[in-house]
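Peer 1: Handing you a structure now.
The values are calculated or read from the model by the stated rules, or taken from the named source; none is laboratory data. Predicted model, so just to flag it, every value in this text is computed and none were measured. Here the Cβ is made from the backbone with ideal geometry for all residues, glycine too, and neighbour counts use every protein chain on show. Heavy atoms of the whole protein, side chains included, go into the accessibility calculation; ligands, DNA and RNA do not. Shrake-Rupley method; radii C 1.70, N 1.55, O 1.52, S 1.80 Å.
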Amino acid sequence: MSLVFTGGDSDKVDVGTGASLELNTGTILVWTNPTSLPNATLRILFSKGPVATNDLAFNASGGANNLVIQRRRTGGIGSCIAQADWSNVPFAATNVWNFWGCQFNTSGVDTDQKLFGGDLTNPAQEVGTYFSQAVGSGTVSDMAGMNAQVGNTDSGDFSWPGQIAWVSVWNRLLTLAEIRFQQFRPAYDTGCVLLTHYGGPANGVGTQTDLSGNGNNGTITGATQGSLIPLPYWFNLGRF
């Protein structure tokens, strides 16, 4: 199953302020079925922090219609960032299920900031051409008091247009092999701080249980239950 977000409104899942989600190094993985490419309008898959900073945000924005992960630092424009045009994200398309991943490492180098794309039949691949990759500079912004959100920001009005079926967040950089394993056989492993099947039979539109054991359970505003993701039955049961 999944949750449907209508885009441009307050639809979201509030995951809370969990300290385990305050990361300087990490991996975010998402299964989503977007109804449209946002076309230079900010739309959020996962965020922690206000829209002004988009910390830990996996989003599409900018005139080039980009997919972006960034972790704001005091160096200003020199945020920790990976950004790529939609046309360069492997297998990206609308009205079909996309598997997207991103990585950031504020203690690393520019090329540690990465984006990945896959779909129902193709294992995830790293983006081949980036608009930018930068580790940034300065102190990493403190978002400890900010609520994490799936499908929007804490302030709202940036709802993702389409369905989101599954999100996992990790406090380490997964290998490509690990990302591909999670793509088709999602399961808790070392470093997992959020693992949720959104809208699944065990969750519906009630509390969205965090299966990582970190207590980052979600509360829905606006979003409704969506369709099955066409993967084996155990995936849609949400029992990993």
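Peer 1: Check off (1) modelled with pLDDT under 90; (2) open to solvent by 20 Å² or more (accessible area, probe 1.4 Å); (3) out of contact with any Pro (no Cβ under 8 Å at 6 or more places or on another chain) for residue 14 and give me the number that stays unchecked.
Peer 2: (1)
Peer 1: What residue, among those in the stretch 127-156 that are in contact with a helix residue (DSSP H, G or I) (Cβ under 7 Å, 6 or more places away or on another chain) and not in a loop (DSSP other than H, G, I, E, B), is surrounded by the most Cβ atoms within 10 Å (Cβ to Cβ)?
Peer 2: Of all residues in the stretch 127-156, those in contact with a helix residue (DSSP H, G or I) (Cβ under 7 Å, 6 or more places away or on another chain) come to 127-129, 133-135, 144, 148.
From the residues that got through so far, the ones that are not in a loop (DSSP other than H, G, I, E, B) too are 133-134, 148.
Values: 133: 18, 134: 20, 148: 27.
Per the criteria, the residue is 148.
Peer 1: Taking the stated definitions as given, is residue 210 buried (at least 18 other Cβ atoms within 10 Å of the Cβ), among the charged types (D, E, K, R) and in contact (Cβ under 8 Å) with a residue 24 or more places away in the chain?
Peer 2: Considered against the rule, which asks whether it is buried (at least 18 other Cβ atoms within 10 Å of the Cβ), among the charged types (D, E, K, R) and in contact (Cβ under 8 Å) with a residue 24 or more places away in the chain, residue 210 comes out as yes.
Peer 1: Can you find even one residue in the stretch 219-229 that is in contact with a helix residue (DSSP H, G or I) (Cβ under 8 Å, 6 or more places away or on another chain), over 15 Å from residue 4 (Cα atoms) and surrounded by 15 or more Cβ atoms within 10 Å (Cβ to Cβ)? Spell out how you get there, then give the answer.
Peer 2: The first filter runs over the stretch 219-229 and keeps only residues in contact with a helix residue (DSSP H, G or I) (Cβ under 8 Å, 6 or more places away or on another chain), leaving 228-229.
When the remaining residues are screened for being over 15 Å from residue 4 (Cα atoms), the result is none.
Within the stretch 219-229 (the criterion being in contact with a helix residue (DSSP H, G or I) (Cβ under 8 Å, 6 or more places away or on another chain), over 15 Å from residue 4 (Cα atoms) and surrounded by 15 or more Cβ atoms within 10 Å (Cβ to Cβ)), the answer is no, since none of the residues qualifies.
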